[in-house]
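Participant: This structure is in structure tokens; I'll ask about it shortly.
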Amino acid sequence: MSMLGIKWKLHGTGKSIKPGHVVAPDERLAWPLTIGVGMQHVVAMFGATFLVPIITGMPPATTLFFSGIGTLLFLVITKGRVPSYLGSSFAFIAPIMASQQQFGVPGALGGVVLAGAVLALVGAIVQKFGAGWINRLMPPIVTGAIVALIGLNLAPAAKNNFDAAPVTAVITLATIILVSVLFRGILGRLSILVGVVVGYLVAMLRGEVSYDKMDAAAWVGLPQFQAPEFHLGILGLFVPVVLVLVAENIGHVKSVAAMTGQNLDGVSGRALMADGAATVLAGFGGGSGTTTYAENIGVMAATKVYSTAAYWVAGIFAILLSFSPKFGELIATVPPGVLGGAATMLYGMIGILGVKIWVQNKVNFSNPVNLTTAAVALIIGIADYTWTVGELKFTGIALGSAAALVIYHGMKAIAKARGTVAEPETEQAALPPAAKAAINAAAKKRAPKKR
């Protein structure tokens, strides 16, 4: 049982958490409280997980099913050491939508399987050799650029949905913005979900919602499964997503390690392999690609409960919900205006996450290598440059990601050989005021006196 990570010891009395204490991954509260926390995790992941299939036209119930299955698989592979929920990844939105235009939904699912397999392979290498090589291959300037261009590449899609029902879209977006600053705790963290609910109610009043498919659906039934197809042309669309998933997954594992006070470096490769395996499974059955969820990390930070028992509850509950076709069709009734308002925020957030990576790592844009890497990659991604070679079609995300890697490593190698770049790659820490004053005073003493 302990090898599967499903053996927990009771935290204290199981009824409360003392100030300054946390419920560790291998602990749990009393089952009623654990179930309550698990339900909270379902609510936290709900809005974001469902937005991906709604935007891409995939079956919501199927995506929910594989997010639950993937979460349980993740917990088993990581032996219960990494508390995390696997929900739909926004990084898959652009390649899924692009591949659907060329190869339909089966072709998009083939891309999801491919991305998951590559991610699992990367995880196996990390587990064997450590994550140092990833940091060398993808330093913050490259990772930030790739994350940013994936979000900003989706801007036209957000605009198209926004234009379909501008009033509903504006109200949805305004609600998301206001909720994020009006409320504290979990409600503030669920601003996108609240915005979607409010926007949906507005859309109902404006007659923009159709319930024909929901009325015809059964209350209980299997999710809609679909097999993938594999085409050479999907390679350029989906492989860049792996770079984002690697950075995202490792970042989340580090966040959990910092919050729990445990060293999780030994299972970071397992986390990547689990995420990859869950994505492969989802692609073979008709679901969206998965990733570890920051929303649920926020719930843990707020509750101080890091018990993996709560995630077993969340995964099982998600699976049970997926067996209601009527519920899935209800989610699918979200109209374009609501999606446009939410997507304006979501896609922008993905773009800004890339900028956040630069800021947190103090990337120095006075360095021409950093400046050029970001500048070229972003324009290629945002403008959606394309390059077709036979059956292969590389779009803005693939070309922008490749440009970031090639430009950074190419320029760095040339600059090192020529000794032409003197600026450091990261900004140096600012000196304290007292130190600055001492340096200025010393400089004045050394300065020649005027005669």
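Participant: Working from Cα positions, state the angle (0 to 90°, nearest 10) between the long axis of helix 368-383 and the longest principal axis of the chain.
Facilitator: For helix 368-383, the angle is close to 30 degrees.
Participant: What is the percent carbon and sulfur in the accessible area of the chain, measuring with a 1.4 Å probe over the protein chains and ignoring ligands?
Facilitator: Values: 13790 of 20740 Å².
Of all accessible area on the chain, carbon and sulfur atoms account for 66 percent.
Participant: Another question, if that's okay. For Thr290, list long-range residues whose amide hydrogen, built 1.01 Å from N in the peptide plane, is under 5 Å from its own amide hydrogen.
Facilitator: Result for Thr290 returns Ser89, Thr279.
Participant: Per residue of the range 250-259, what does 6.51 cos²θ - 1.76 cosθ + 1.60 with θ = phi - 60° give for ³J(HN,Hα)? Whole Hz please, x for Gly and Pro, Karplus curve as stated.
Facilitator: Those phi angles translate into 5, x, 5, 4, 5, 5, 5, 4, 5, 6 Hz.
Participant: How much area per residue is accessible in the chain when the probe is 1.4 Å and only protein heavy atoms are counted (Å²)?
Facilitator: Working: 20740 Å² over 451 residues.
Here the per-residue accessible area is 46 Å².
Participant: Which cross-chain or sequence-distant (5 or more) residues have an amide H under 5 Å from the amide H of Thr426, H modelled 1.01 Å from N in plane?
Facilitator: Here Asn364 satisfy the definition.
Participant: Okay, moving on. Quick one: Karplus J couplings for the range 261-266, per residue in order, coefficients 6.51, -1.76, 1.60, θ = phi - 60°, nearest Hz, x for Gly and Pro?
Facilitator: So the J values, rounded to whole Hz, are x, 10, 8, 10, 4, x.
Participant: I've got another one for you. Rank-order 210-223, 33-46, 145-158 by packing density, defined as the average count of other C-beta atoms within 10 Å over each peptide's residues, highest first. Don't skip to the end; give the middle numbers.
Facilitator: Details: 210-223: 12.4, 33-46: 20.6, 145-158: 24.1.
Those peptides, ordered most packed to least, come out 145-158, 33-46, 210-223.
Participant: Additional query: Would you mind checking the tilt of helix 155-164 against the longest principal axis of the Cα atoms of the chain, expressed as 0 to 90 degrees and rounded to 10?
Facilitator: With rounding to tens, the tilt is 40 degrees.
Participant: Sort out for me the Cα centre separation of the range 8-45 from the range 51-118, rounded to whole Å.
Facilitator: 28
Participant: Tell me, what is the percent relative contact order of the chain, built from C-alpha pairs under 8 Å that lie six or more residues apart? Let's see the in-between values first.
Facilitator: On the way: 841 pairs, mean separation 138.1, N = 451.
Once normalised by length, the contact order is 31 percent.
Participant: Taking θ = phi - 60°, what integer Hz values does the Karplus form 6.51 cos²θ - 1.76 cosθ + 1.60 yield along the range 115-125, in sequence order, with x for Gly and Pro?
Facilitator: 4, x, 5, 5, 4, 5, 5, 4, x, 5, 5
Participant: Say the cut-off is 32 Å between C-alpha atoms; which of Lys15/Lys356; Lys304/Lys356; Lys159/Lys213; Lys18/Lys128; Lys18/Lys356 go over it?
Facilitator: Details: Lys15/Lys356 38 Å; Lys304/Lys356 25 Å; Lys159/Lys213 26 Å; Lys18/Lys128 39 Å; Lys18/Lys356 34 Å.
Table pairs above 32 Å Cα-Cα are Lys15/Lys356; Lys18/Lys128; Lys18/Lys356.
Participant: For Lys304 and Val389, compute 0.36 nm times the residue count separating them, minus their Cα-Cα distance, and round to one decimal in nm.
Facilitator: Values: separation 85, 0.36 × 85 = 30.60 nm, distance 5.17 nm.
Once the chain is fully extended between Lys304 and Val389, it gains 25.4 nm.
The values are calculated or read from the model by the stated rules, or taken from the named source; none is laboratory data. Model, not experiment: these values are computed from the prediction. Glycine gets a Cβ as well: all are built from the backbone with ideal geometry, and neighbour counts include every protein chain shown. Heavy atoms of the whole protein, side chains included, go into the accessibility calculation; ligands, DNA and RNA do not. Shrake-Rupley method; radii C 1.70, N 1.55, O 1.52, S 1.80 Å.
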